[in-house]
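This report refers to the structure that appears directly beneath it.
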Amino acid sequence: MPDPEPQIPRWVIASVLVFAILIAFVPTLHAPFLLDDYWRIVGNEGVHHFWPPWRHFTDPRTSAAMASLVQFRPLLPLSFSADIALWGVDRSALRATNVALHFGVVSLTFGLVRELLRHWDRAPRASGSPERTALVIAVLVAIHPIAAYTVNYLSARDLVLAQLGLLATLWGYVRYRRRGPPVWSRAWARSWSAMMIAFAFAMLAKQNVVVLPALLVVFDVVVARVPLRSPGLWLRPLPFVVIIAAWVLWSQAVLDFSDFDNVIGTFAPSMFAFTQAKLHSTEYLAALLWPFRLRYFPLVTPEVSPWNAGTLAGLTLIVLSLGIAWRTRERAPLLSFALCSYWVLMALESSVLPLANWMMPYRQYPALLFVGLGGAVALRTWAAPGLRTPSGRRVLAVSAVAAALGVTLVNSAHWRSEDRFWSHAAAYGADHRAHLNLAASIADPKDPRVQVHLREAERQMVVEASDEMATAALLPGLDDKVTRFEADQSSATDTTVGRVHFWRAHALRESGRRVEARREADRAADAAPTIASYQWYAAMDAQHAEDWGRVVVLAQRLERLDTDPSSLAFLGGAALQNLGRNGEAIDWYLRYLALPSHESSPSGRRSVTMNLALAALAIGRCDLARPALLDRQRERPDDTEISGLLAACPGR
């Protein structure tokens, strides 16, 4: 049946989408590099040359200069290297590419939504033009503030690339299911080839798209009404499962690489699930409806129990929305499909899998189109009669677009400098990383806000560094601020100063800059001599540099702090031995060997015994060396080195 309204010319659709995107993103083209951009672009030599392009598919290390950020998403560094080969490390050119890719996502959004409304909607066509509804939804996806956080943050390009592949696959599948070409026909082969190429593209960009098979099953059950017992329902997603398996095989079996530890946090799955439920009722819902508060690193209080208001509200929201999906599956299947698809796309990152970050502002980007589709169908189904008329629908569309664009333009001011960006985050409640970034971004080291935000970061953090802390700590301009902070002992504690140096040492060590890491570790250890972990890491760095005198100083501090003696025997004893202070080294080794067996390992006792023998021989103490060597000989009777040492120290 033809649409009641004439079709919109393609050039008009393209012009509207381009115009909307330009209005939203031209003001932020010159936004600064942020967060991972320093490690994935600015300081990443792996993307500063284009040839050979296939290296990104065989070496995950090209993705980032810091080990804790390395991931196997080869299309991300490949696209960065292409941009840099053409334009250099130019943030405006890099962001223009993000904008162009986002236009591709928005165009596919229009195509998919139009396909669903035109061919799979069971409502009367008088309820509105599929093309106009699809265009409004595409414009909302184009300009929504969530999209701004995805496009303006250069390192989020992997999500935009993955969304391109995901939408191309999903649109192709919906068209394939409508047309139903005969199996093994040319049309069938073309459809499946295109879908599998698009999905492989998405997998090589970001692996969030592994939920695609679930989306296809939901579509077939809810919209196409395929019975659960139908073999085709479960067979059709299998080619995509094979692509997922091939990716796992290539990355883990062939490349021997997994970034699981880099993306998974230390939270218990239950705690993460309860906290995510709370966030769905607070942060995620607000991000969709009132996104002024969108920010990086929101301050989140973890929940260990479901029995709190926020978690209960979130669980109620999830259950209620899924209940609506079930109740409307016959009357409004597209609404049911949209609701289910939203939760499928959100499930991987906001349910029970404990990721390192509680929330990121771009996490809902893949699900935006389903929010728009569900909202359009819900309004058509339940809105007041006056809003169902053509004029009522136009008022709603214009109001929604104007609201989204207004918020995006207001928020665009935050992207003009790092100071503004992190000030916005801190104003609405942010964690230690935002405060640390804000302190680094303030141009004037004398600005009192520097100390305020360093103190707030210190208050929120624990002593031990994590990869997330380290990534935030190693920022341009922070070192000068910390030096000034260190000098002002009236406002900074030794612990505060030591922590910041400790974070920086951890970050530098992760990025392979061992000399600088050692300098920062020493500053941390000297600033806070009562914190054992600072002394230990500084000693490890000094040991790596073979500065045995410094190792001895730090080991003596650790001894005064009642550090585990089984660890100190190797540290202090070996350093003293290397300095020729064998008598003192023997004292450290004997203290270790005097420990109960359950406080020392067999391998540790063997190593210490051998070191003791060598130190004793060096000062002619055969009374100590010979028993130790005989112990080792009983374990290794064929060791000629031990036999030679025993010959030099004959028994009486």
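Some notes on this structure:
- Unmet requirement for PHE110, which otherwise passes all of (1) farther than 26 Å from PHE292 by Cα; (2) open to solvent by 10 Å² or more (accessible area, probe 1.4 Å); (3) of a type in the set (Phe, Trp, Tyr): (1)
- Checking each residue in the range 157-196 for being touching a residue at least 60 places away in the same chain (Cβ under 8 Å) and within 30 Å of LEU35 (Cβ to Cβ) picks out ARG157, ASP158, LEU159, VAL160, LEU161, ALA162, GLN163, LEU164, LEU166, LEU167, ALA168, THR169.
- Per the listing ALA286, ALA309, ALA356, ALA367, the residue uniquely modelled with pLDDT of 90 or more, more than 30 Å from TRP120 (Cβ to Cβ) and either open to solvent by less than 20 Å² (accessible area, probe 1.4 Å) or among the small types (Gly, Ala, Ser) (or both) is ALA309.
- Residue ID - modelled with the lowest pLDDT, chosen from residues in the range 438-463 that are open to solvent by less than 20 Å² (accessible area, probe 1.4 Å) and under 17 Å from HIS501 (Cβ atoms): MET461
- The residue that is farthest from the chain's Cα centre (by Cα), counting only those in the range 206-261 that are under 24 Å from ASP158 (Cβ atoms) and assigned to a loop (DSSP other than H, G, I, E, B), is PRO237.
- The criterion of at least 2 residues that are closer than 26 Å to SER68 by Cα and open to solvent by 50 Å² or more (accessible area, probe 1.4 Å) is met, among helices (runs of 4 or more DSSP H) falling completely within the range 508-563, by 514-527, 532-544.
- In the range 258-280, the residues that are open to solvent by 40 Å² or more (accessible area, probe 1.4 Å) and aromatic (Phe, Trp, Tyr): PHE260, PHE267, PHE274
- Exclusive hit being without any contact (Cβ under 8 Å) to a residue 12 or more places away in the chain and open to solvent by 20 Å² or more (accessible area, probe 1.4 Å), set PRO239, PRO231: PRO231
- Only listed residue being under 24 Å from LEU164 (Cβ atoms) and part of a helix (DSSP H, G or I), chosen from ALA338, ALA403, ALA378: ALA338
- Of all residues in the range 22-48, those satisfying the criterion of being part of a helix (DSSP H, G or I), open to solvent by 40 Å² or more (accessible area, probe 1.4 Å) and of a type outside the set (Val, Ile, Thr) are LEU22, PRO27, TYR38, GLU45.
- Of all residues making up the range 138-184, the number that are assigned to a helix (DSSP H, G or I), among the hydrophobic types (A, V, I, L, M, F, W, C) and over 28 Å from the mean Cα position of the chain (by Cα): 1
- Test result for VAL209, within 21 Å of MET346 (Cα to Cα), of a type in the set (Val, Ile, Thr) and crowded, with 20+ Cβ neighbours inside 10 Å: yes
- Residues (part of a loop (DSSP other than H, G, I, E, B) and surrounded by fewer than 16 Cβ atoms within 10 Å (Cβ to Cβ)) located in the range 49-71: HIS49, PHE50, TRP51, PRO52, THR58
- Cβ-Cβ distances below 6 Å connect no pair with a first residue in the range 551-562 that is free of Cβ contacts under 8 Å to residues at least 60 places away in the same chain and at negative phi, a second residue that is among the charged types (D, E, K, R) and in a helix (DSSP H, G or I), and a separation of six or more residues or different chains.
- Enumeration of residues in the range 305-327 that are part of a loop (DSSP other than H, G, I, E, B), of a type in the set (S, T, N, Q) and under 16 Å from THR282 (Cα atoms): ASN308
- Residue within the range 421-436 that is open to solvent by 40 Å² or more (accessible area, probe 1.4 Å) and touching a Pro at 6+ places or on another chain (Cβ under 9 Å) present: yes
- Pair list, Cβ < 7 Å and 6+ apart or interchain, from the range 616-627 residues that are more than 17 Å from GLN577 (Cα to Cα) to residues that are in a helix (DSSP H, G or I): ARG626/LEU646
The values are calculated or read from the model by the stated rules, or taken from the named source; none is laboratory data. The model shown is predicted, which means the values in this text are computed figures rather than measured ones. Neighbour counts run over all protein chains shown; Cβ positions are idealised from the backbone, glycine included. To get the accessible areas, we keep the full protein, side chains included, count just its heavy atoms, and leave off ligands, DNA and RNA. Shrake-Rupley method; radii C 1.70, N 1.55, O 1.52, S 1.80 Å.
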